[in-house]
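Encoded as C-alpha cells, the structure appears first; notes follow it.
Just so you know, all these numbers are worked out from the coordinates, no wet-lab data involved. This is a predicted model, so every value here is computed, not measured. Backbone-built Cβ (ideal geometry, glycine too); neighbour counts: all protein chains shown.
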Amino acid sequence: MKTFGGKVLFLDRSDINTDEIIPAKYLTEISKEALKPHMLEDLKLEGFDPRDPELQEARVIVTRANFGCGSSREHAPWVFEINDINVVIASGFARIFRQNMFNCGMLAIELAEGAIDRLFAHRGANASLSVDFKNSRIEIKSDKGSEGFDYSVSGFDKALVEAGGWVEFADAKY
Amino acid sequence: MAMTLSEKIFASHLRDEPFPGTKVLSLDAVLCHEITTPIAINDLVARGKDRVFDPSKIKVVIDHVTPAKDTKTALQGKILRDWSRRQGIRDFFDIGRNGVCHALFPEQGFIRPGYTVIMGDSHTCTHGAFGAFAAGVGTTDLEVGILKGVCAFREPRTIRVNVTGKVPEGVFAKDIILRIIRDLTVKGATDCVVEFHGDVVKGLSMEGRMTLCNMAIEAGGTSGVCMPDEVTVDYLWPFISGGYKDRKAALADFRKWWSDEGCAYVKVVDIDVSNLAPQVTYGYKPDEVKDVAELAGTVVDQVYIGSCTNGRIEDLRVAASFVKGRKIADTVRGIVSPATPKVFREADEEGLLKIFMDAGFCVTNPTCGACLGMSNGVLAPGEVCASTTNRNFNGRMGKGGMVHLMSPATAAVTAIEGRITDPREFAKGGRS
C-alpha cells in the first residue's frame with residue numbers, strides 16, 4: 001500500500017481539468033518519470049506558479065468541486081504519484097479521474113463543501129494532513145490548530161487501495 | 001421492473017458484484033489508440049502478462065498524431081503496431097486506413113446496440129449514439145479490459161434530456177449540445193448516463209446523434225445514449241444484414257434495449273430548440289456558452305473544422321455549403337481535417353475538398369490534429385481559434401491560446417469573415 005499524507009497544496013478553484021494537470025503535449029511520453037517536471041503546468045489559478053519549489057514538498061492536494069474533469073488521461077494521477085502526492089481531497093471528482101486514482105492505489109477523498117472550507121481555513125499556516133486509512137479519518141494540523149474529519153470511500157475503492165491497484169485486484173479475481 | 005437502457009445493458013453484462021454498488025461488466029469492445037494504450041501494453045509485458053482476452057474484440061487505431069511527428073510518437077505507433085501483430089488483432093488501422101477513433105470505429109460497424117464499450121479516451125461516450133454503454137476510462141481500466149475483458153463501474157443513474165421543437169435554420173446538433181451543457185453545467189451529469197430523447201433526436205442522422213453523445217462527457221456524463229431506431233438500423237445494415245431477416249426484424253431486436261416506460265431518471269431536462277440561436281463558448285469551460293450573436297465580431301486567427309465531434313461527412317457538407325464560391329479572410333488560417341479516409345474520399349467525390357481548397361483552407365489527412373494541440377494546428381500565445389471541437393480548456397490547442405467551440409456552419413462563416421459570425425445573418429447577406 002502507498003503512504004498517504006504530508007504537506008498540503010491548496011488549489012482554490014473548481015473544475016480543474018486534466019489538461020491543466022498535465023498538458024496533452026506531454027502525452028507522447030511513455031514513462032511516468034518524464035512527466036515529473038510538468039505537474040499543473042497549465043493550471044489557471046491566480047497566484048499559482050507551477051515552478052514554485054514548495055510544490056515539490058506537497059504530499060496532499062486539497063481542492064474544490066469536479067476536480068480532474070475532461071480528458072481521461074491517467075497521466076494526471078501519474079504526475080501526482082511521481083511527485084509523491086498520493087491523496088487528493090475535494091468536494092467532488094470527475095468520474096474517470098476518481099477511478100484512475102483508486103485504480104493506481106491512490107486516494108481520492110470526497111468531503112462535503114463545509115468540510116473543505118474548514119480545510120481551506122488552514123491555508124498559509126504550514127498545513128500538513130495525515131490519513132488514518134484503516135479508520136477512514138483524516139487530520140489536518142497547522143499553525144492554526146488541528147482538526148479531524150471522517151470520510152467514506154466505497155468498499156471497492158478501499159479494496160483497490162489495499163490491493164495496490166485494479167490490475168492486481170482484477171488479476172487475482174477474474 | 002422498468003429499466004433504463006443502461007440498466008438493461010448492466011444487467012445483461014454483469015460478471016461480478018464484488019462490493020455493493022460496484023458492477024464488473026464483461027466487455028464487447030475494447031478500443032485502443034496510440035496515446036493511452038502503449039503504457040498499458042508495456043505494463044502487461046513487464047508483468048509477464050502479454051496477452052489479450054479476445055483479439056476479435058479489440059480494435060486499434062493510430063489517430064492522435066499521424067503521420068508520426070517525432071521519435072516519441074513514432075515509438076508510440078510502433079508499440080501499438082507490434083502488439084497488434086503479436087496478438088493477432090486484425091482490426092488495426094495504421095496510416096492510410098486510420099482516422100479519428102470515434103468516427104472510424106462506428107463507421108466500421110464495430111459498435112452495436114446493447115454493447116459495452118471502453119476506451120482510454122474520454123470521448124468514448126460518442127458510441128452511446130448506437131444505444132450502447134460506452135465509457136471513457138484511464139489506462140489501468142484499459143489494461144484490465146485488454147487482459148480480462150472486464151471493467152468495473154458504479155451503478156449508473158440516468159438523466160433524460162427531451163429535445164423537442166422545430167430546429168431553426170443555421171442551428172445544428174452542436175448548438176443543441178452546447179446549450180444542453182450550459183444548462184447541465186460541466187459537472188451536472190457526473191456519474192450519470194445522459195439519454196437523448198424527443199422528436200429532434202429521432203430526426204437526427206447517426207452523425208448528428210454522435211455529435212450529441214460526444215459531448216456528454218463535457219457535462220461529466222459517463223456515456224451519452226440514444227435509443228436505437230430505424231436510423232440506427234439503416235446505418236448498421238451493411239454490417240448486420242446477415243443476422244436478420246429484414247430491417248424490421250433488426251429494429252424489433254434493437255428495441256429490447258430501449259428504456260422502459262416508467263423507468264427511474266435522476267433528472268429530466270426538457271429543451272425546446274424552436275427559438276435556439278447558434279451557440280458558441282466564450283471561456284475556458286465547455287459550459288461557458290452564449291448565443292453566437294453575443295460574441296459576433298471577435299477576431300480569430302485560425303478556424304478548425306474536424307474532430308470526433310464534427311469531422312464527419314455531414315459536417316463537411318454543411319461547412320462547404322457556406323464556403324462554396326467564397327474565400328476565407330486573409331487573416332485566417334483555415335484547416336479542415338476529414339475525420340476518416342471514408343469521409344475524406346466522400347468529401348473529395350462530392351467536390352467538397354475542392355470547395356475548401358479553392359477558398360483557401362488547408363485540408364489535412366484524417367487525424368485528431370489541432371483539437372488537443374498535440375500535432376498540427378497549434379496556436380501561438382494570444383491567438384484565437386474558432387473550432388468545431390469539444391474542449392476550450394486553457395492551453396488545449398497551445399499554451400496561451402483561446403478556443404471558441406461552435407458548429408461547422410458557424411466556423412465556416414467565421415473563416416470567411418475573419419471574425420465570429422452568425423450563420424443566419426451571413427445567409428441573409430449581412431454581417432451579424
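Can you tell me which aspartates and glutamates have their Cα less than 17 Å from the Cα of B:K248? Leave out same-chain residues fewer than eight positions away.
B:D229, B:E230, B:D234
Given an 8 Å cut-off on Cα distances and at least 6 residues of separation, report the relative contact order of chain B as a percent.
Numbers: 1056 pairs, mean separation 71.7, N = 432.
Dividing the mean separation by the residue count of chain B yields 17 percent.
How far is the Cα center of region B:156-195 from the Cα center of region A:25-59, in Å?
34 Å
Treating only the Cβ of Lys, Arg, Asp and Glu as charged (+1, +1, -1, -1), what charge dipole size does the protein assembly as shown show about its Cα centre? Round to the nearest 20 debye.
On the way: 73 positive and 80 negative charges, 175 e Å.
So the dipole magnitude of the protein assembly as shown works out to roughly 840 debye.
Calculate the radius of gyration of the Cα atoms of chain B to one decimal place, then report Dmax, the largest Cα-Cα distance, as a whole number, both in Å.
When restricted to Cα atoms, chain B yields Rg and Dmax of 20.8, 66 Å.
Any idea what the relative contact order of region B:281-427 is, in percent, if you count C-alpha pairs under 8 Å spaced at least 6 apart?
Values: 346 pairs, mean separation 49.0, N = 147.
Relative contact order comes out at 33 percent.
Counting DSSP beta bridges in region B:5-270, what percent are antiparallel, to the nearest 5?
Values: 8 of 35 bridges.
So the antiparallel bridges in region B:5-270 amount to around 25 percent.
Distance cut-off 31 Å, Cα to Cα: go down the list A:K36/B:K267; B:K187/B:K399; A:K36/B:K49; B:K8/B:K245; A:K32/A:K134 and report the pairs above it. List each step's numbers first, then the result.
Details: A:K36/B:K267 41 Å; B:K187/B:K399 25 Å; A:K36/B:K49 27 Å; B:K8/B:K245 25 Å; A:K32/A:K134 29 Å.
Correct reply: A:K36/B:K267.
Which net charge results for the neighbourhood of A:D171, defined as the other residues with beta-carbon distances under 12 angstrom from its beta-carbon, given Lys and Arg at +1 and Asp and Glu at -1?
Net of charged neighbours comes to +2.
Between B:V332, B:C371, B:L405, whose Cα lies farthest towards the positive end of the dipole of region B:281-427 when Lys and Arg beta carbons carry +1 and Asp and Glu beta carbons carry -1, centred on the Cα centre?
Of the options given, the answer is B:C371.
Pairs to check: B:K23/B:K342; A:K25/B:K285; A:K7/B:K285. Give those whose C-alpha atoms are more than 26 Å from each other in this structure.
Details: B:K23/B:K342 37 Å; A:K25/B:K285 19 Å; A:K7/B:K285 30 Å.
Where the Cα-Cα span goes over 26 Å, the pairs concerned are B:K23/B:K342; A:K7/B:K285.
Amide H neighbours of B:T158 under 5 Å, counting only residues 5+ apart in sequence or on other chains, H built in-plane at 1.01 Å?
When sequence neighbours closer than 5 places are left aside, the close amide H contacts are B:V193, B:V266.
Along the charge dipole of region B:1-154, which of B:F130, B:G114, B:L44 sits closest to the positive end, that is, farthest toward it, with unit charges on the beta carbon of Lys, Arg, Asp and Glu (+1, +1, -1, -1)?
Going by the charge dipole, the pick is B:L44.
Farthest toward the dipole's positive end in region B:5-270, which of B:I217, B:F254, B:I89, given Cβ charges of +1 (Lys, Arg) and -1 (Asp, Glu) about the Cα centre?
B:I89
How are the C-alpha pair distances of region B:282-432 spread across 5 Å bins, as whole percents from the shortest bin up?
All Cα pairs, binned at 5 Å, distribute as 2, 11, 22, 25, 22, 13, 6, 1 percent.
Suppose we keep just the DSSP beta bridges with both residues in the protein assembly as shown; what percent of those would be antiparallel, to 5? Don't skip to the end; give the middle numbers.
Values: 26 of 82 bridges.
Of those bridges, close to 30 percent are antiparallel.
Pairs of Cα atoms under 8 Å, at least six residues apart: use those to get the relative contact order of chain A, whole percent. All intermediate terms of the calculation are to be shown ahead of the outcome.
Numbers: 335 pairs, mean separation 41.5, N = 174.
This gives 24 percent for chain A.
Tell me, how many Å apart are the Cα centres for region B:237-300 and for region A:86-142?
Centre-to-centre (Cα) distance: 36 Å.
Can you pull the three principal axis extents for the Cα set of the protein assembly as shown, in Å, largest first?
69, 56, 51
In deg cm²/dmol and to the nearest 500, what is the mean residue ellipticity at 222 nm of the protein assembly as shown if only DSSP H runs of at least 4 residues count, each as -39500 (n - 2.57), divided by the residue total?
Working: 23 runs with 192 residues, N = 606.
So the helix-based figure for the protein assembly as shown works out to -8500 deg cm²/dmol.
Using the alpha carbons of region A:26-174, what is the convex hull volume per residue in cubic angstrom, as a whole number?
Values: hull volume 18.0 nm³, N = 149.
Each residue corresponds to 121 Å³ of Cα convex hull volume.
List the aspartates and glutamates whose alpha-carbon lies under 15 Å from that of B:K59, not counting same-chain residues fewer than 8 positions away?
B:D28, B:E34, B:D82, B:D91, B:D94, B:E107, B:D121, B:E143
If you restrict to DSSP beta bridges whose two residues both lie in region B:281-427, what percentage is antiparallel, to the nearest 5? Each step should come with its number before you reach the end.
Values: 2 of 15 bridges.
Approximately 15 percent, going by the DSSP bridge assignments.
Translational diffusion coefficient of region B:1-121 at 4 °C, 1.567 mPa s, Stokes-Einstein with Kirkwood Rh over Cα pairs, in µm²/s as a whole number. Numbers along the way, then the final one.
Numbers: Rh = 15.8 Å.
D, rounded to a whole number, is 82 µm²/s.
Can you grab the distance from the C-alpha centre of region B:1-54 to the C-alpha centre of region B:316-393, Å, no decimals?
35 Å
So how strong a dipole does chain B carry about its Cα centre when Lys and Arg Cβ are +1 and Asp and Glu Cβ are -1, to the nearest 20 debye?
Dipole size: approximately 660 debye.
Could you tell me which of rounded, prolate or oblate describes region B:357-432, using a ≥ b ≥ c as the square roots of the eigenvalues of the alpha-carbon gyration tensor, with rounded for a/c under 1.5 and, failing that, prolate when a/b is larger than b/c and oblate otherwise?
Prolate is the answer for region B:357-432, as a/c is 1.5 or above and a/b outweighs b/c.
Given Cβ point charges of +1 (Lys, Arg) and -1 (Asp, Glu) and nothing else, what value in debye, to the nearest 20, does the dipole of region A:50-174 about its Cα centre take? Write down the numbers at each step before the final one.
Numbers: 14 positive and 18 negative charges, 46 e Å.
The dipole of region A:50-174 has a size of about 220 debye.
Using only the alpha-carbon atoms, how far is helix B:230-240 inclined from the longest principal axis of chain B? Give it as 0 to 90 degrees, nearest 10.
That works out to roughly 60 degrees.
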